[in-house]
Amino acid sequence: MSAIDLRTEIVQLLQSERNESVLATIRSLLKRDSQGQDFDITDDELAELEEIDRRRKAGLDTYVSLDDAMRMIREGRRA
(Lines give C-alpha, C1' and ligand atoms only; values in the text may rest on other atoms or scores of the structure.)
Protein backbone atom coordinates (compact mmCIF):
# COMPACT_ATOMS: atom_id res chain seq x y z
CA MET A 1 0.00 0.00 0.00
CA SER A 2 1.46 3.34 -0.97
CA ALA A 3 1.52 6.38 1.27
CA ILE A 4 -1.18 8.02 -0.86
CA ASP A 5 -3.43 4.96 -0.55
CA LEU A 6 -2.82 4.78 3.18
CA ARG A 7 -3.56 8.48 3.63
CA THR A 8 -6.79 8.16 1.63
CA GLU A 9 -7.93 5.19 3.72
CA ILE A 10 -7.14 7.02 6.96
CA VAL A 11 -9.10 10.09 5.84
CA GLN A 12 -12.09 7.91 4.96
CA LEU A 13 -11.93 6.20 8.35
CA LEU A 14 -11.62 9.52 10.15
CA GLN A 15 -14.66 10.93 8.37
CA SER A 16 -16.85 8.16 9.72
CA GLU A 17 -15.34 8.07 13.23
CA ARG A 18 -17.60 9.54 15.93
CA ASN A 19 -15.79 8.43 19.09
CA GLU A 20 -14.15 11.54 20.54
CA SER A 21 -11.66 9.47 22.54
CA VAL A 22 -10.41 7.73 19.41
CA LEU A 23 -10.14 11.03 17.55
CA ALA A 24 -8.29 12.66 20.46
CA THR A 25 -5.83 9.76 20.56
CA ILE A 26 -5.18 10.07 16.83
CA ARG A 27 -4.72 13.84 17.15
CA SER A 28 -2.21 13.34 19.97
CA LEU A 29 -0.29 10.81 17.93
CA LEU A 30 -0.15 13.10 14.90
CA LYS A 31 0.84 16.14 16.95
CA ARG A 32 3.61 14.19 18.67
CA ASP A 33 4.81 13.06 15.27
CA SER A 34 4.83 16.60 13.93
CA GLN A 35 6.92 17.82 16.87
CA GLY A 36 9.97 15.90 15.69
CA GLN A 37 9.36 12.68 17.59
CA ASP A 38 8.96 10.60 14.46
CA PHE A 39 8.91 6.86 14.49
CA ASP A 40 12.36 5.59 13.67
CA ILE A 41 11.55 3.17 10.86
CA THR A 42 13.46 2.55 7.68
CA ASP A 43 11.99 2.11 4.21
CA ASP A 44 12.93 -1.57 4.34
CA GLU A 45 11.12 -2.04 7.66
CA LEU A 46 8.06 -0.24 6.30
CA ALA A 47 8.10 -2.43 3.19
CA GLU A 48 8.28 -5.53 5.40
CA LEU A 49 5.31 -4.35 7.48
CA GLU A 50 3.33 -3.63 4.32
CA GLU A 51 4.12 -7.13 3.01
CA ILE A 52 2.95 -8.68 6.29
CA ASP A 53 -0.28 -6.68 6.06
CA ARG A 54 -0.76 -7.68 2.41
CA ARG A 55 -0.31 -11.36 3.24
CA ARG A 56 -2.75 -11.09 6.15
CA LYS A 57 -5.39 -9.40 3.99
CA ALA A 58 -4.90 -11.99 1.24
CA GLY A 59 -5.49 -14.77 3.77
CA LEU A 60 -2.01 -16.21 3.26
CA ASP A 61 -1.10 -15.77 6.94
CA THR A 62 -3.39 -16.19 9.89
CA TYR A 63 -3.07 -14.84 13.38
CA VAL A 64 -4.56 -15.78 16.72
CA SER A 65 -5.08 -13.73 19.84
CA LEU A 66 -2.61 -14.00 22.70
CA ASP A 67 -5.23 -15.82 24.79
CA ASP A 68 -5.84 -18.37 22.02
CA ALA A 69 -2.12 -18.86 21.48
CA MET A 70 -1.56 -19.50 25.18
CA ARG A 71 -4.48 -21.95 25.27
CA MET A 72 -3.10 -23.79 22.24
CA ILE A 73 0.34 -24.01 23.86
CA ARG A 74 -1.09 -25.33 27.12
CA GLU A 75 -3.17 -27.93 25.30
CA GLY A 76 -0.15 -28.99 23.27
CA ARG A 77 1.95 -29.52 26.38
CA ARG A 78 -0.72 -31.67 27.97
CA ALA A 79 -0.95 -33.98 24.97
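The values are calculated or read from the model by the stated rules, or taken from the named source; none is laboratory data. Model, not experiment: these values are computed from the prediction. So basically every Cβ, Gly included, is an ideal-geometry build from the backbone, and we count neighbours across all protein chains shown. Areas reflect the complete protein model, heavy atoms only, side chains present, ligands, DNA and RNA absent. Shrake-Rupley method; radii C 1.70, N 1.55, O 1.52, S 1.80 Å.
In this structure, residue 33 does not qualify as loosely packed, with under 10 Cβ neighbours inside 10 Å and modelled with pLDDT under 85. Residue selection: residue 75 fails the criterion of being modelled with pLDDT of 85 or more, surrounded by 11 or more Cβ atoms within 10 Å (Cβ to Cβ) and at negative phi. Whenever a residue of segment 1-30 is free of Cβ contacts under 8 Å to residues at least 40 places away in the same chain and under 25 Å from residue 45 (Cα atoms), its partners that are outside any helix (DSSP H, G or I) and open to solvent by 80 Å² or more (accessible area, probe 1.4 Å), lying with C-beta atoms within less than 9 angstrom and at least six residues away or across chains, give the pairs 9/1.
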